[in-house]
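Heads up, the thing below is written out as structure tokens.
The values are calculated or read from the model by the stated rules, or taken from the named source; none is laboratory data. Computed from a predicted model, the values in this text were never measured in an experiment. Here the Cβ positions follow ideal geometry from the backbone for every residue, glycine too, while neighbour counts run over all protein chains shown.
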Amino acid sequence: MKIALVGIGAIARNQHVPAIAASPDWELAATVSRHGSVPGIPAYDDLGAMLQAHPDIRVVSLCVPPVPRYGYAAEALAAGRHVMLEKPPGATLSECVALEDMARAARVTLFATWHSREAGQVAAAKAWLAGKRLTRLRVTWREDVRRWHPGQEWIWEPGGLGVFDPGINALSIVTEIVAAPMHVTEAMLSVPQGRQTPIAASLRFHHPDGAEVAMEFDWRQDGDQIWTIEAETDAGTLTLLDGGARLTVVGAPAAGATGDALIGEYPRLYARMARLVATGAIDLDLAPLRHVADAFTLGRRETVEPFDF
Ligand code: NAP
């Protein structure tokens with residue numbers, strides 16, 4: 001199937017273009033970006049012009065930041081195209097719901113991707129936790145914003161999510177592997193002076209069985225980057241490391257670790273998109289974004305030192 005990529009920035013270049021190139025399902029047939037392009041691929045700086053010029057491209061994959069995403073998605077759905085959304089699926093919950101209604105009316109696929117759910121050991125973690133009683137869940141997501149988001153100003157603007165841009169990856173895994181419904185009860189958001197979004201956040205959750213659930217997201221990490229989820233249960237402790245790439249269960253490492261969580265994530269997302277398009281199905285799970293919205297609604301703010309790249 002022919003597909004168009006919209007928003008040729010870091011994630012489009014590093015993951016989407018190689019995943020499409022390696023896929024038996026997809027052919028990259030056009031790009032839409034105001035500044036970026038992919039060598040050898042027809043390039044447009046306007047989505048409407050691309051949609052009109054290529055009625056044969058039935059699928060559009062959006063890699064723009066969350067705030068402009070709704071406009072692009074609505075335009076593609078209105079033109080009857082299937083749409084794949086980078087995470088988070090939108091800047092607000094309401095615009096995501098609106099997109100779902102549009103997709104349903106147009107009878108096309110809408111896929112809200114959560115790439116971290118496709119990390120190598122997430123399915124194994126989910127299978128092991130099923131049926132066990134959770135007593136404590138601790139998430140530690142500490143990374144260096146300068147290393148992963150160099151010069152990206154949109155992450156500091158309203159709707160850019162700040163540290164929840166990576167934090168929502170942890171939430172996407174937790175909402176996949178923990179079956180019980182949880183909700184945020186407390187949040188502290190540390191916002192750099194003069195910025196609109198947090199550089200760090202700590203969250204507490206209610207868990208129906210009384211498990212103690214806490215998450216720490218911090219973008220000020222020097223040295224080793226930490227993406228860890230530790231779940232204590234009545235049958236011992238499970239630890240997901242490196243964003244879901246590695247797993248230990250009751251102290252024993254699971255087989256099949258890749259060392260890099262991103263390896264395999266995007267090929268699996270594109271394979272899933274191909275299956276969804278085949279039946280016109282919609283896959284729009286808003287649970288991770290709901291927790292982020294709750295943290296912004298409920299969170300206390302503290303002002304911390306200014307941030308510059
Ligand atoms: P990025 O490097 O800033 O690229 C986004 C591209 O979107 C820009 O190059 C820009 O291209 C286009 N764009 C259109 N409207 C824009 C606007 N109003 N403001 C800024 N850019 C606009 O961002 P990214 O890191 O690729 O992230 C894009 C999405 O992918 C985000 O939702 C992010 O959470 C997600 N993601 C990123 C990573 C990562 O490691 N970077 C990993 C997984 C997921 P033109 O100027 O050419 O139009």
Expected single match for within 15 Å of the ligand (Cβ to nearest atom) and assigned to a helix (DSSP H, G or I) among 60, 17, 97, 64 is 17
When residue 8 is run through (1) in contact with a Gly (Cβ under 6 Å, 6 or more places away or on another chain); (2) under 19 Å from residue 99 (Cα atoms), the failure sits at (2)
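Return the residue satisfying two criteria in turn: it lies in region 216-236 and is free of Cβ contacts under 8 Å to residues at least 60 places away in the same chain and either at positive phi or in contact with a strand residue (DSSP E or B) (Cβ under 7 Å, 6 or more places away or on another chain) (or both), and of such residues it is surrounded by the most Cβ atoms within 10 Å (Cβ to Cβ).
Taking region 216-236 and keeping what is free of Cβ contacts under 8 Å to residues at least 60 places away in the same chain, we get 223-224, 236.
With the extra rule that they be either at positive phi or in contact with a strand residue (DSSP E or B) (Cβ under 7 Å, 6 or more places away or on another chain) (or both), the set shrinks to 223, 236.
Numbers: 223: 7, 236: 13.
So, considering only residues that are free of Cβ contacts under 8 Å to residues at least 60 places away in the same chain and either at positive phi or in contact with a strand residue (DSSP E or B) (Cβ under 7 Å, 6 or more places away or on another chain) (or both), the one surrounded by the most Cβ atoms within 10 Å (Cβ to Cβ) is 236.
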For region 8-33, pairs from a residue that is under 20 Å from residue 268 (Cα atoms) and in contact (Cβ under 8 Å) with a residue 60 or more places away in the chain to a residue that is away from the ligand (no atom under 13 Å from the Cβ) and in a loop (DSSP other than H, G, I, E, B), with Cβ under 7 Å and 6 or more apart or across chains, are 20/26; 25/1; 26/1
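Got a sec? Which of 143, 157, 153 is within 11 Å of the ligand (Cβ to nearest atom), within 23 Å of residue 299 (Cβ to Cβ) and without any contact (Cβ under 8 Å) to a residue 24 or more places away in the chain? Working first, answer last.
Working: 143 fails: without any contact (Cβ under 8 Å) to a residue 24 or more places away in the chain; 157 fails: without any contact (Cβ under 8 Å) to a residue 24 or more places away in the chain.
Result: 153 is the single residue among 143, 157, 153 that is within 11 Å of the ligand (Cβ to nearest atom), within 23 Å of residue 299 (Cβ to Cβ) and without any contact (Cβ under 8 Å) to a residue 24 or more places away in the chain.
Per-residue answers, yes or no, for (1) closer than 23 Å to residue 129 by Cα; (2) aromatic (Phe, Trp, Tyr); (3) buried (at least 16 other Cβ atoms within 10 Å of the Cβ); (4) in contact with a strand residue (DSSP E or B) (Cβ under 6 Å, 6 or more places away or on another chain):
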{"position": "238", "(1), (2), (3), (4)": "yes, no, yes, yes"}
{"position": "249", "(1), (2), (3), (4)": "yes, no, yes, yes"}
{"position": "254", "(1), (2), (3), (4)": "yes, no, yes, yes"}
{"position": "266", "(1), (2), (3), (4)": "no, yes, yes, no"}
{"position": "269", "(1), (2), (3), (4)": "no, no, yes, no"}
{"position": "292", "(1), (2), (3), (4)": "no, no, yes, no"}
{"position": "305", "(1), (2), (3), (4)": "no, no, no, no"}
Subject >> Test for residue 125: is it away from the ligand (no atom under 16 Å from the Cβ) and at pLDDT 95 or above >> reply: yes
Residue 44 meets each of (1) touching a residue at least 40 places away in the same chain (Cβ under 8 Å); (2) out of contact with any Gly (no Cβ under 8 Å at 6 or more places or on another chain); (3) of a type outside the set (Gly, Ala, Ser); (4) within 11 Å of the ligand (Cβ to nearest atom) with one exception, condition (1)
**Asked** Is there a residue being more than 14 Å from the ligand (Cβ to nearest atom) and surrounded by 13 or more Cβ atoms within 10 Å (Cβ to Cβ) anywhere in region 5-14?
**Response** no
inquiry  = Going residue by residue through region 69-82, is there one that turns out to be under 24 Å from residue 155 (Cβ atoms) and either assigned to a loop (DSSP other than H, G, I, E, B) or of a type in the set (Val, Ile, Thr) (or both)?
reply    = no
Pairing a residue in region 284-300 that is among the hydroxyl-bearing types (Ser, Thr, Tyr) with any residue that is part of a helix (DSSP H, G or I) and at pLDDT 95 or above, where Cβ atoms lie under 9 Å and the two sit 6 or more apart in sequence or on different chains, gives none
In the set 89, 66, the lone residue that is within 17 Å of residue 272 (Cβ to Cβ) and within 20 Å of the chain's Cα centre (by Cα) is 89
Picked from region 20-36 (must be within 13 Å of the ligand (Cβ to nearest atom) and buried (at least 16 other Cβ atoms within 10 Å of the Cβ)), the residue farthest from residue 155 (Cα to Cα) is 31
